[in-house]
Amino acid sequence: MNEVRIAIFVFVCLAAASLGALFCYERLPEHQRQDDTQKVLHLIANIFVVMTSLVLGLMISSAKNRFDGVNQDVHSYATELILLDRMLLLYGPEASDTRQKLVTYTERAANSHWTAEGGLSDKTSERLLEDIGTSLRALEPNRDPQLSIWNDMREQYRKVLELRWSLIEQADGSLPRPLMLMVVAWLVLIFAVFGFRAPRNAVVVTGFVAAAALMGGAIYLIVDMDVPFQGPIQVASAPLQRALTEMRR
């Protein structure tokens with residue numbers, strides 16, 4: 001997955017920056033190892049510590065809002081499918097074939113792996129949904145209650161289509177890659193400054209490696225949350241499973 005590669009890249013960059021500065025310190029000229037140099041470097045690092053904290057906070061907020069929005073859309077999608085099923089049931093036995101097609105589509109959507117290339121957007125699901133629309137248009141209401149329900153069903157079907165394409169469009173991440181690279185560059189600078197003139201012992205080395213791993217893990221979780229249908233943090237298909245259970249009653 002792309003987020004795994006990003007996390008590994010962040011870990012390698014931060015570990016290399018901190019340990020590189022740690023072990024290269026002794027090789028620097030004497031005038032570059034003075035206390036004044038260290039003080040200036042720490043002042044520079046403090047600036048980017050604040051900026052990185054702010055940007056990471058904004059990234060977490062953006063990813064969380066996106067995840068919550070997609071999760072709400074999935075619940076709405078399941079609700080719209082249930083309402084369409086109930087309208088088909090009210091229409092009468094003439095719509096039983098259309099209703100069965102809707103159950104088949106919901107089952108596939110509930111059990112699929114949702115990505116931009118598959119799941120909700122795969123060709124089989126698209127054909128199933130198109131067949132439902134064709135069946136709806138083929139119905140011939142012959143009395144006033146059926147005509148009213150038929151019009152409502154067509155409107156409900158349009159809502160289902162809109163929500164489906166909305167979910168497909170939100171399957172990919174929205175965090176800008178240049179922003180991600182900029183944050184990583186800031187973190188590299190910060191870790192390099194921390195490694196400058198640090199004691200060369202096992203505790204410090206372990207601390208730098210652990211900090212790099214944890215920071216890589218944090219970036220991984222942010223990126224993973226921004227892609228709501230992949231990874232360990234993803235929108236569950238439970239609403240569609242419940243919708244399928246309601247349709248089969």
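Among the residues of the stretch 199-216, those identified as open to solvent by 20 Å² or more (accessible area, probe 1.4 Å) and either closer than 18 Å to residue 49 by Cα or without any contact (Cβ under 8 Å) to a residue 12 or more places away in the chain (or both) are 199, 201, 202, 203, 206, 207, 208, 210, 211, 213, 214, 215.
Considered as a group, the residues in the stretch 48-75 that are out of contact with any Leu (no Cβ under 7 Å at 6 or more places or on another chain) and of a type in the set (D, E, K, R) include one that is most open to solvent (accessible area, probe 1.4 Å), and that residue is 64.
Residues are listed down the side, and each one gets a yes or a no for (1) in a helix (DSSP H, G or I); (2) among the hydroxyl-bearing types (Ser, Thr, Tyr); (3) farther than 30 Å from residue 168 by Cα:
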site: 13; (1), (2), (3): yes, no, yes
site: 19; (1), (2), (3): yes, no, yes
site: 26; (1), (2), (3): yes, no, yes
site: 31; (1), (2), (3): yes, no, yes
site: 38; (1), (2), (3): yes, no, yes
site: 43; (1), (2), (3): yes, no, yes
site: 51; (1), (2), (3): yes, no, yes
site: 61; (1), (2), (3): yes, yes, no
site: 65; (1), (2), (3): yes, no, no
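Answer yes if at least one residue in the stretch 179-188 is more than 30 Å from residue 62 (Cα to Cα), open to solvent by 20 Å² or more (accessible area, probe 1.4 Å) and either at pLDDT 90 or above or more than 19 Å from the chain's Cα centre (by Cα) (or both), and no otherwise. No - not one qualifying residue is present in the stretch 179-188. Within the stretch 157-174, the set of residues being in a loop (DSSP other than H, G, I, E, B) and either open to solvent by 30 Å² or more (accessible area, probe 1.4 Å) or out of contact with any Phe, Trp or Tyr (no Cβ under 7 Å at 6 or more places or on another chain) (or both) comprises 170, 172, 173, 174. Per the listing 78, 45, 95, the residue uniquely surrounded by 17 or more Cβ atoms within 10 Å (Cβ to Cβ), touching a helix residue (DSSP H, G or I) at 6+ places or on another chain (Cβ under 7 Å) and either within 18 Å of residue 234 (Cβ to Cβ) or among the acidic types (Asp, Glu) (or both) is 78. When the stretch 128-152 is filtered for residues that are surrounded by fewer than 16 Cβ atoms within 10 Å (Cβ to Cβ), under 17 Å from residue 97 (Cβ atoms) and among the acidic types (Asp, Glu), the ones remaining, listed by number, are 130, 140. Total residues in the stretch 217-249 satisfying the condition of being small (Gly, Ala, Ser), open to solvent by 20 Å² or more (accessible area, probe 1.4 Å) and under 24 Å from residue 11 (Cα atoms): the figure is 2.
Once the stretch 51-93 is narrowed to residues that are without any contact (Cβ under 8 Å) to a residue 60 or more places away in the chain and among the small types (Gly, Ala, Ser), the residue that is nearest to residue 165 (Cα to Cα) is 61.
The values are calculated or read from the model by the stated rules, or taken from the named source; none is laboratory data. These figures come from a predicted structure and were not determined experimentally. Virtual Cβ from ideal backbone geometry, glycine too; neighbours counted across all protein chains shown. To get the accessible areas, we keep the full protein, side chains included, count just its heavy atoms, and leave off ligands, DNA and RNA. Shrake-Rupley method; radii C 1.70, N 1.55, O 1.52, S 1.80 Å.
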